[in-house]
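Take a look at the structure set out below.
The values are calculated or read from the model by the stated rules, or taken from the named source; none is laboratory data. Model, not experiment: these values are computed from the prediction. Please note: Cβ atoms are built from the backbone with ideal geometry, for glycine as well, and neighbour counts cover all protein chains shown. The protein model used for the area step is the full one, side chains on, heavy atoms only, and it has no ligands, DNA or RNA in it. Shrake-Rupley method; radii C 1.70, N 1.55, O 1.52, S 1.80 Å.
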Amino acid sequence: MSSDSISQKHTAGSTLIWLAYTLFFFIEPILRPSRNLWLGTVAFFTLFLIVFLIYTHTTSETTRRWMIAATFAIGLACFPWNAGASTFFIYTAAFLPFSIPSVSLVLAFFGVEILGIVTETYLIHGMHWENAAFASFLLGIIGGGNIFFAQQRRADCKLRAAQEENVALAALAERERIARDLHDVLGHTLSVIVLKAELAGRLIDRDPQRAASEIAEVERTARTALAEVREAIGGYRARGLVAEIEAARRTLDAAGVTLQCDAMPSTNTSLRANEETVLALALREAVTNIVRHARATTCTLRFHMEDGQHRLTVADNGEHPATREGNGLRGMRERVEALGGRVLLDRTTGTRLLIALPAHAEGSAG
């Protein structure tokens, strides 16, 4: 994800909100009105508005950086006669982290900007040091905060890209595996059916008894093929939870979350297809919530049998917002309860999600 796309997301839809900061630029002429002060304020505000609109609408990262430099220059030009021009330094500090990916380079620019403000205050007689100190303080605070938000946004973009790539690769791998398995299951059997059907067609007039025997063999072979297809499909479902755990590992790893598996489902686990589907969907929803909301660093997954129940526990050390139950959790609860199970959610320390299903639950996966 390029810094250009980051900046575009940062500026899109927020132009009017950002322009609210320019109100500080008009405090000085309001408090001590004069014709020249108002003319200068309006002229430089108009110039800044042009620069700002170019910044928010251009797709060129180079042009955007030049507009940031122009904003800082406007601030330096106005600061000696209008202390409210410190607002332009805020714009500079706010935009730089989203335009330049390197944190160290952004901090270096902040240092250059503060040095410029201090130097101007020293060289121009009549400027107040408290204004320079306040402007430098705002630059550091706003800029430091936006460094964090810019890096977080870049991390989110990388995570989404990794998730999309994982989904695409998993879908491709699954299609290839299904194609291989179905070819192995049906290739030979269907060839036998075709040959025996052709033979029965040739024998139907000359040897009806043998033709009937061949037709009966075709029926038996077709039934065998049908059973093999059902077995293959059942096998895909039986491996669904294991595949979902591996997908969860890749997704969490892309988000910087370490997955620890205390226990894994084995191939002889007595899970029915609908039970495994419900557990796999619950795991997917839990991982999605961790990635989107938790800010966690570790996630613990445990699948085991206890008190005649299949139990899936997903716990993380993050901080989930205490909000009302969303569609994802509500759908999870409905599917689990349809199988006679229960969902427990504990947010005392981190978040702990427990899904318990009776070992021989009846019902559909909803």
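Details
- Calculated FRET value between residue 59 and residue 81, using beta carbons and R₀ = 35 Å, to 0.05: 0.50
- Using the Karplus relation 6.51 cos²θ - 1.76 cosθ + 1.60 with θ = phi - 60°, the per-residue 3J(HN,Hα) values for segment 58-72 come to 7, 9, 8, 5, 4, 4, 4, 5, 5, 5, 5, 5, 5, 4, 5 Hz, with x marking Gly and Pro.
- Solvent-accessible surface ranking, highest first, for 285, 61, 319 at 1.4 angstrom: 319, 285, 61
- Extension gain for residue 297-residue 30 works out to 91.0 nm (0.36 nm per residue, less the C-alpha to C-alpha distance).
- Peptides 196-202, 29-35, 307-313, 246-252 ordered by packing proxy, namely the average of other Cβ atoms within 10 Å per residue, highest first: 246-252, 307-313, 196-202, 29-35.
- Ordering of 91-103, 206-218 by packing [mean C-beta count within 10 Å, highest first]: 91-103, 206-218
- A crude spin-label estimate for the pair residue 21 and residue 165, with each label 7 Å from Cα along the Cβ direction, gives 3.4 nm.
- Distance in nm between pseudo-label sites at residue 216 and residue 305 (7 Å out along the Cβ direction from Cα): 4.3
- Placing 89, 148 in order of accessible area, with the largest value first and a 1.4 Å probe, yields 148, 89.
- Gain upon complete extension [residue 359, residue 173; 0.36 nm per residue less C-alpha separation]: 63.9 nm
- Dipole of segment 101-178, positive direction: furthest Cα of 103, 114, 134, with charges on the beta-carbon: 103
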